[in-house]
Structures are given as C-alpha cells and as structure tokens.
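Take a look at the structure below.
The values are calculated or read from the model by the stated rules, or taken from the named source; none is laboratory data. What you see is a predicted model, and the numbers here were worked out from it, not measured in a lab. Ideal geometry is used to build each Cβ from the backbone, glycine not excepted, and the neighbour counts take in all protein chains shown.
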Amino acid sequence: MNPVILIALFIIFILVAFAVFISWRSKYKKKNKNKKLLKEMVNYAIKNNLTIDKKQILNNNIIGLDRLNMKLVFFDNNKSGKQIHCINLGELSSCRLIKHFNKTNGNVSSISLECSFVKPKKASIYLSFYNELSDGLNKMVRLSRNASYWEKAINIFRKVEIINYS
C-alpha cells in the first residue's frame, strides 16, 4: 500500500478520534452540570419543606412545581449570579408568555414568563427561558415550547389553588 495513503488514513483516524473525544467530554460536562443543578434544587426543597414533583432543566436554569404546597421554584443562573424564586401560586394573578423581538433583524431576542401578583405593590417576576445572547438559535423552538408548557401548568395549578381556598 502507498505510504501517502497510509499517512492520510492515519491523520483522518486521529482527527475522528479527537472529534469523538471532544463530543464525549462535552456531554460528560453537561451531564455533571445537570446533576449539580438537580442536587441544588433537591437541597433547596429539603431545606424549605417542599415536594417538587415536576421539574425540568432549561440550559443553565431549572424550574420545578410543588403540587402539594402549590409553589413554583425557579433557579435562574445568569451572568449576574444565581437567583432562586419560590412563588406561592395562590399569590399569582396571572402567568403569561412574553416574547421580545430584536428590532434590527426581527428575530426573537428573549422568551420569558411574566408572573404577576394579586397584590399590585408586588413587582412582577420574569422567568427567563431563552436569551439570544447566551442560547443558540437552534434552542429557541424547544425552549419556547417548554415556556408554553410551563405557562399552562402554572395557570392550571394557580386556578386550582384559587378554587381550593375560595
């Protein structure tokens, strides 16, 4: 066999092996990051006597719903730091999906849930699901569906909480 072909095959083999290693490493890091997020939420739930039975990881954030105590928990990990929102569903007047659009190109720049409270003096909380600066465009559709799902779930359990205590 020609030595040039052998060298070319060897180089291709090394490049493919390197690509597989990088892919495996990034999946391993993501898996560890997700485990850490889940562990943080479990620790928070134990510390605050919550039973979070519905939860979902959304990139760097995690959202959970305690249907027993009617509370929503949202871990917001952004560049300015970590914020934990624990919201009593009975205190919410509404939860709605908000999409902001980029004025220059018309693309969706952010997707969030606006949680408004019954008490008018209490400021609304915005739960961020998508940000075009930190999330890839390929994640927008999936995160938009997730936001829509959580909007419906929060509103359903918010109404159940209102009916239970009316």
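With the requirement that a residue be more than 15 Å from the chain's Cα centre (by Cα), under 15 Å from S116 (Cα atoms) and charged (D, E, K, R), what does segment 149-165 give you?
Correct list: K152, R158, K159.
Scan segment 99-117 residue by residue and report those that are touching a helix residue (DSSP H, G or I) at 6+ places or on another chain (Cβ under 9 Å), modelled with pLDDT of 90 or more and farther than 17 Å from G64 by Cα.
In the first step, residues of segment 99-117 are kept if they are touching a helix residue (DSSP H, G or I) at 6+ places or on another chain (Cβ under 9 Å); the result is 99, 107-108, 111-113, 115, 117.
Next, only the ones that are modelled with pLDDT of 90 or more stay: 99, 111-113, 115, 117.
K99, I111, F117, listed by residue number.
Looking at segment 65-78, is at least one residue among the aromatic types (F, W, Y), closer than 22 Å to A153 by Cα and buried (at least 19 other Cβ atoms within 10 Å of the Cβ)?
Here is the first cut: in segment 65-78, the ones among the aromatic types (F, W, Y) are 74-75.
From the residues that got through so far, the ones that are closer than 22 Å to A153 by Cα too are 74-75.
If we keep only those that are buried (at least 19 other Cβ atoms within 10 Å of the Cβ) as well, we get 74-75.
Taking every residue of segment 65-78 in turn, at least one turns out to be among the aromatic types (F, W, Y), closer than 22 Å to A153 by Cα and buried (at least 19 other Cβ atoms within 10 Å of the Cβ).
May I ask you to verify whether I84 is under 14 Å from the mean Cα position of the chain (by Cα), more than 22 Å from S148 (Cβ to Cβ) and surrounded by 13 or more Cβ atoms within 10 Å (Cβ to Cβ)? If you could, list the steps in order and put the result at the bottom.
Values: under 14 Å from the mean Cα position of the chain (by Cα): yes; more than 22 Å from S148 (Cβ to Cβ): yes; surrounded by 13 or more Cβ atoms within 10 Å (Cβ to Cβ): yes.
Yes.
Mind listing whichever residues of segment 121-154 are within 17 Å of H85 (Cβ to Cβ) and either surrounded by fewer than 19 Cβ atoms within 10 Å (Cβ to Cβ) or of a type in the set (S, T, N, Q) (or both)?
Once the filter is applied, which keeps residues that are within 17 Å of H85 (Cβ to Cβ) and either surrounded by fewer than 19 Cβ atoms within 10 Å (Cβ to Cβ) or of a type in the set (S, T, N, Q) (or both), segment 121-154 yields K122, A123, S124, Y126, S128, N131, N146, A153.
Among V118, V108, which is the only one that is free of Cβ contacts under 8 Å to residues at least 60 places away in the same chain, farther than 23 Å from Y44 by Cβ, more than 15 Å from the chain's Cα centre (by Cα) and surrounded by 13 or more Cβ atoms within 10 Å (Cβ to Cβ)?
Values: V118 fails: surrounded by 13 or more Cβ atoms within 10 Å (Cβ to Cβ).
On inspection, the qualifying residue turns out to be V108.
I'd like to check which strands (runs of 3 or more DSSP E) are fully inside segment 31-149 and have at least 3 residues that are among the basic types (K, R) and in contact with a Ser or Thr (Cβ under 9 Å, 6 or more places away or on another chain).
Values: elements: 54-58, 61-66, 71-78, 81-88, 92-101, 108-117, 125-131.
In segment 31-149, no matching strands (runs of 3 or more DSSP E) lie anywhere.
Among the hydrophobic types (A, V, I, L, M, F, W, C), in contact (Cβ under 8 Å) with a residue 60 or more places away in the chain, surrounded by 14 or more Cβ atoms within 10 Å (Cβ to Cβ) and under 22 Å from N146 (Cα atoms), is that true of C95?
Numbers: among the hydrophobic types (A, V, I, L, M, F, W, C): yes; in contact (Cβ under 8 Å) with a residue 60 or more places away in the chain: yes; surrounded by 14 or more Cβ atoms within 10 Å (Cβ to Cβ): yes; under 22 Å from N146 (Cα atoms): yes.
Yes, satisfied.
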